[in-house]
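As structure tokens, the structure follows; a few thoughts come after it.
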Amino acid sequence: MSHAPHPDPADGLIDDPYAVYARLRDTAPVHRAAGPDGSPAWLVTRYDDVRAALADPRLSLDKSHALPGSYRGLGLPPALDANMLNMDPPDHTRIRRLVVKAFTSRRVESLRAPIRRTADELLDAVEPLGRADLVAAYAAPLPITVICDLLGVPDGSRLDFRAWTDALVAPDPARPGAAKEAVVAMLGFFTRLLAEKRENPADDLLSDLIAVRDESEQGDRLTEDELMSLAFLILFAGYENTVQLIGNATLALLRHPEQLAALRKEPARLPAAVEEFHRYDGPMALGIRRFPLEDVTIGGVTVPAGETVLVSLSAANRDPRRFPGADRLDIARDATGHLALGHGIHHCVGAPLARLETAIALGALIERFPRLSLGIPEEELRWRPSIRARGLLTLPVTF
């Protein structure tokens, strides 16, 4: 196996990761690499291997199973770290059972009208200008509004939260302490918010979760750290992934005008098209790191117990062994089976909401602006400096 370091961003992993992943799928599908934090990891790139790894109970999400000193992820305090992304059954099962009730098809469908109303209001604001940065003016404020309304987060805190998530996902090298500052700020924010909701409960998800924490039988009860971590995860994931998907999907349509024309002609295709957008250029390039509980063979390679395994969702979703013509955007494709939202017991619990938001956002956008086009030369587009998250820094367009 190759022991070369993870490809440098200068080699195209930020601007064009798919060319890098294509080479790895063909030459080193289970590749000894350096992870996002610089620590050694095994990078898995073929669809069948990634799918199997996502559902393998021998690959733990619990960081306590990492070899001592081998993993240097972002250090979150216990009050933000006790979430499902760091848990195995039975704790994961217990918490997921409580959370899934918040994302029933009925509850998600009840959000359709508010989401469309928010989308229309955001487009109303930019329409007279004739141009906009769609990330800042549309793709970002839409999901943060939806998830904050769902949780019951006050309006005045929403811009701060966007800055905090940016600092965690794509840290600015010029501000080496920004991520830690964001963690401290979020910890204080959620502490105050939970206290306020306990004092004045309302008809929102956070109040419901507090009731579960305080009133449930002991067997199902959340700890205080689990409650705060869960609120953090829902807000973080509900915002972060959707904003990137809306931006990536819009760019994909602008780069493929025939696909955009097909959607304009048949907007009923949007739900299926959203699955193709997830597959083609999803918001999470890498899944959550995993640690083998024992020596595990992946793609013919034995990975020792305790070492870090990274599964590339982006590479898997472009694997031509699973999706013929995988580098081509095709909204008529059957993209079911893509791994952008995970697989197995860790499949994204908020997937129905993410799908609905993206379909409404894209539908409203292409309906409102028949002359939508990219506002700068394509080579001037800049991607977030992250090999874990896949998203644009800005998306200038004209109407």
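Can you find a residue that is among the β-branched types (Val, Ile, Thr), in a strand (DSSP E or B) and surrounded by 14 or more Cβ atoms within 10 Å (Cβ to Cβ) anywhere in the range 33-50?
Checking the range 33-50: at least one residue is among the β-branched types (Val, Ile, Thr), in a strand (DSSP E or B) and surrounded by 14 or more Cβ atoms within 10 Å (Cβ to Cβ).
Based on what the data block shows, is Gly363 at negative phi, small (Gly, Ala, Ser) and at pLDDT 95 or above?
Yes: the conditions hold for Gly363.
Restricting attention to the range 51-63, does a residue exist that is among the basic types (Lys, Arg), modelled with pLDDT under 90 and either surrounded by 19 or more Cβ atoms within 10 Å (Cβ to Cβ) or part of a helix (DSSP H, G or I) (or both)?
Looking through the range 51-63, none of the residues is among the basic types (Lys, Arg), modelled with pLDDT under 90 and either surrounded by 19 or more Cβ atoms within 10 Å (Cβ to Cβ) or part of a helix (DSSP H, G or I) (or both).
What single numbered condition from (1) in contact with a Phe, Trp or Tyr (Cβ under 6 Å, 6 or more places away or on another chain); (2) surrounded by 20 or more Cβ atoms within 10 Å (Cβ to Cβ) fails to hold for Ile298?
Among (1) in contact with a Phe, Trp or Tyr (Cβ under 6 Å, 6 or more places away or on another chain); (2) surrounded by 20 or more Cβ atoms within 10 Å (Cβ to Cβ), the lone unmet condition for Ile298 is (1).
For Pro36, work out the one condition from (1) in contact with a helix residue (DSSP H, G or I) (Cβ under 9 Å, 6 or more places away or on another chain); (2) under 17 Å from Ile288 (Cα atoms); (3) at pLDDT below 90 it doesn't fulfil.
(1)
Of all residues in the range 95-125, which are at pLDDT below 95 and buried (at least 16 other Cβ atoms within 10 Å of the Cβ)?
Residues satisfying the conditions are Ile95, Arg96, Leu98, Val99, Ala102, Phe103, Val108, Leu111.
If you check Arg318, Arg368, Arg322, Arg333, which single one turns out to be farther than 29 Å from Asn83 by Cα, touching a Phe, Trp or Tyr at 6+ places or on another chain (Cβ under 9 Å), free of Cβ contacts under 8 Å to residues at least 60 places away in the same chain and basic (Lys, Arg)?
Arg333
Report yes if some residue within the range 191-202 is modelled with pLDDT under 85, hydrophobic (A, V, I, L, M, F, W, C) and under 22 Å from Asp91 (Cβ atoms); otherwise report no.
no
Given (1) under 19 Å from Gln244 (Cβ atoms); (2) modelled with pLDDT of 95 or more, where does Trp383 come up short, assuming only one miss?
It fails just one condition, (2).
Any idea how many residues of the range 277-303 are of a type outside the set (Val, Ile, Thr), touching a residue at least 60 places away in the same chain (Cβ under 8 Å) and not in a strand (DSSP E or B)?
Within the range 277-303, residues that are of a type outside the set (Val, Ile, Thr), touching a residue at least 60 places away in the same chain (Cβ under 8 Å) and not in a strand (DSSP E or B) number 13.
Please state which of the following conditions Gly177 fails to meet, knowing it meets all the rest: (1) at pLDDT below 90; (2) crowded, with 18+ Cβ neighbours inside 10 Å.
Checking Gly177 against (1) at pLDDT below 90; (2) crowded, with 18+ Cβ neighbours inside 10 Å, the one that fails is (2).
Since Asp26 meets every condition but one in (1) touching a Ser or Thr at 6+ places or on another chain (Cβ under 6 Å); (2) under 16 Å from Arg322 (Cβ atoms), which condition does it not meet?
Unmet for Asp26, out of (1) touching a Ser or Thr at 6+ places or on another chain (Cβ under 6 Å); (2) under 16 Å from Arg322 (Cβ atoms): (1).
Among Leu245, Leu233, which is the only one that is within 28 Å of Trp383 (Cα to Cα), at pLDDT 90 or above and not β-branched (Val, Ile, Thr)?
Matching residue, one of Leu245, Leu233: Leu245.
The values are calculated or read from the model by the stated rules, or taken from the named source; none is laboratory data. Here the structure is a predicted model, which means the values were calculated and not measured. Every residue, glycine among them, receives a Cβ derived from its backbone with ideal geometry; neighbour counts consider all protein chains shown.
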